[in-house]
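Take a look at the structure set out below.
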């Protein structure tokens with residue numbers, strides 16, 4: 001799960017930036033925190049997408065080949 005302390009600190013810096021502005025050090029911290037947040041978000045999203053199996057109305061597995069290949073690389077016992 002994305003760290004709630006990380007989000008809280010990002011929001012604190014955003015509020016401070018709107019009200020008073022940020023120091024150079026705080027701007028660097030803000031950029032780093034945002035970068036960390038996006039990295040975590042992308043990893044979680046990628047993992048979630050890679051677990052999807054697409055089934056049509058007739059019950060056939062129609063998961064795209066590329067996704068099947070990714071799943072197979074992660075866990076060869078799946079296929």
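A few remarks follow.
- When residue 61 is tested against (1) surrounded by 10 or more Cβ atoms within 10 Å (Cβ to Cβ); (2) in contact with a strand residue (DSSP E or B) (Cβ under 8 Å, 6 or more places away or on another chain), exactly one condition is not met: (1).
- Leading residue by the ranking (modelled with the highest pLDDT) among those in region 1-20 that are loosely packed, with under 13 Cβ neighbours inside 10 Å and touching a helix residue (DSSP H, G or I) at 6+ places or on another chain (Cβ under 9 Å): 7
- Test for residue 75: is it modelled with pLDDT under 95 and in contact with a strand residue (DSSP E or B) (Cβ under 7 Å, 6 or more places away or on another chain): no
- Single condition residue 26 does not satisfy, out of (1) under 30 Å from residue 7 (Cβ atoms); (2) part of a helix (DSSP H, G or I); (3) modelled with pLDDT under 95: (3)
The values are calculated or read from the model by the stated rules, or taken from the named source; none is laboratory data. Bear in mind the structure is a predicted one, so any value in this text is a computation, not a measurement. When we count neighbours, we look across all protein chains shown, and the Cβ atoms used for this are built from the backbone with ideal geometry, even at glycine.
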